[in-house]
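Read-outs throughout are calculated quantities, based only on the coordinates presented, and are distinct from any laboratory measurement. Just so we're clear, the structure is a prediction, and the values are computed from it rather than from any experiment. So basically every Cβ, Gly included, is an ideal-geometry build from the backbone, and we count neighbours across all protein chains shown.
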Ligand code: GLN
């Protein structure tokens, strides 16, 4: 078969089922496209070619024996903040350069058990802090639609690899928008799961009360296949929810009976006109498909950004205390133990990580705790209540994913606050713990993809995935391919 990598995950699955290709062939085609295109894009930090081909041969043997596994033989990439045995895990940081984790995290292990072939580890902002991959200590990823632009972040490597047809699907993580924002910038479908839905065991912690594992695919069906395989309770993560994972139904042909709320606070001044225009057009399309559209209000939305930038750095400052040059990764030697800590951390952490550690340590310090962290937690409750109230009247919310399309690399270089504003529409879902999905709804005048977001109540990923599937049956934005 020609051009194997242009197939979506579900198309690969049926090509395998019909005997038109093999897992070895798919895996080799994937490795070939990475070898051809990744020098231009830099989506991967580590490609595990030999291991992947070995797994693919095993998958073909299992297929010959009619073993039935949902992802058997399909190549998938993993953001480099999730541990995979026998593959380095750097988190985009020099402080973990060469670190080999001794175990595979639950989400990846479940994909492997479902038969997936793990191709390698994708680029990320250092410890998932950022919105462009420019904070990766190993250099940024380029957006496949325009290589002078960023792919978004922090899961920019995964999003760009799926957009460029290097892999059909990939895992990302979303603490404040890191699956949805790069999905929007790269023109792919990205699902942020409910907090607690997917185990965080083996996910290197950033903001522990916000971190979620998510999936990238070319369409909702592909994202759903990954979601179903990796979700569900895990005794190894105390915050994992003992909630059953529903089967996702893709049979509805329309959206009749679905009530969609459009929060007025998400259409703010300063948003790129084409983003608003295409989002509204897609909302009209959802209406034409039978959904009932209502305006709703989430009155505390404006506090999401300041609340997030207290809570996430506070949790990060505690989580990153473990990188001391003794337990993980490289060490900068010195005579006194304190100097080992100072020098290793001082030399190996990047500027954004140091900034977050300082903000977080300050916010948590005695005397300031109540004024910052305590207060932020209270406002977080108000933001959560906004969603709870809205979901009494509607089944899901529709809004833009990002205020603008992909920006040119370096545009926010000297302005961390401008970078923080990238996530203004995605952060509230993390603070409330609810799921969200970004999917392509058009292009701007520079032919850059535009994504829009749907947000649902806790554990209703099924609603999001089936609604996006219905939309994608009647649109072709998700099928557009960048010309690299
Ligand atoms: N851009 C946000 C941050 O830098 C969110 C990152 C994420 O979701 N991992 O914190």
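Summary of values
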item: Geometric extent, Cα atoms of segment 350-404 - Rg, Dmax (angstrom); result: 16.5, 45
item: By average C-beta atoms within 10 angstrom, highest first, the peptides 164-172, 95-103, 66-74, 180-188; result: 180-188, 164-172, 66-74, 95-103
item: Calculated log₁₀ intensity ratio I(q)/I(0) where the Debye formula runs over C-alpha points of segment 330-432, q = 0.14, 0.17, 0.18, 0.19 Å⁻¹; result: -0.86, -1.04, -1.08, -1.11
item: Segment residue 413-residue 243, extension gain: residue separation times 0.36 nm, minus the distance between their alpha carbons; result: 57.0 nm
item: Segment 124-182 - Kirkwood radius from inverse mean 1/r over Cα pairs (Å); result: 10.8
item: Extended-chain gain in nm, criterion 0.36 nm per residue less alpha-carbon gap, residue 378 and residue 251; result: 41.6 nm
item: Label-point gap, in nm, between residue 332 and residue 277 - each point 7 angstrom along Cα→Cβ; result: 5.0
item: Efficiency of FRET from Cβ geometry, residue 368 and residue 40, R₀ 45 Å, rounded to 0.05; result: 0.45
item: Calculated diffusion of segment 135-288, Stokes-Einstein form, Kirkwood radius summed over Cα pairs, 37 °C and 0.692 mPa s, µm²/s; result: 192
item: Alpha-carbon Debye profile of segment 191-252, log10 I(q)/I(0) at 0.12, 0.14 Å⁻¹; result: -0.30, -0.40
item: Mean Cα-pair separation over length for segment 122-197, i.e. relative contact order, pairs under 8 Å, 6 or more apart, %; result: 26
item: Relative contact order of segment 232-389, pairs being alpha-carbon contacts under 8 Å that are 6 or more residues apart, as %; result: 22
item: Distance from segment 248-298 to segment 19-39 (C-alpha centre basis), Å; result: 37
item: Distance (nanometres) between label positions extended 7 Å along Cα→Cβ at residue 259 and residue 476; result: 3.7
item: Distance histogram for segment 98-147 (every C-alpha pair counted, 10 angstrom bins, percent rounded to whole numbers); result: 21, 36, 35, 8
item: Where N is the number of residues in segment 151-211, Cα Rg divided by 2.2 N^0.38 Å; result: 1.08
item: Translational diffusion of segment 254-378, µm² s⁻¹ [Kirkwood Rh, Cα pairs; Stokes-Einstein; 10 °C; 1.306 mPa s]; result: 85
item: P(r) histogram, all alpha-carbon pairs of the chain included - 10 Å bins from 0, percent; result: 4, 22, 33, 27, 12, 3, 0, 0
item: Highest to lowest packing among 258-265, 26-33, scored as the average C-beta count within 10 Å; result: 26-33, 258-265
item: Highest average packing first - 113-125, 408-420, 51-63, Cβ atoms within 10 Å; result: 113-125, 51-63, 408-420
item: For the chain: relative contact order, % (alpha-carbon pairs under 8 angstrom, 6 or more apart); result: 18
item: Within the chain, helix-based [θ] at 222 nm, where runs of 4 or more DSSP H residues each add -39,500 (n - 2.57), nearest 500; result: -11500 deg cm²/dmol
item: Length added when fully stretched, residue 446-residue 58, from 0.36 nm per residue minus Cα-Cα; result: 135.2 nm
item: Segment 1-48 pair-distance distribution - Cα-Cα, 10 Å bins, rounded %; result: 25, 49, 23, 2
item: Per principal axis, descending, Cα span of segment 28-93 in whole Å; result: 42, 26, 19
item: Global size of segment 380-451 as Cα Rg and Dmax, reported in angstrom; result: 14.8, 43
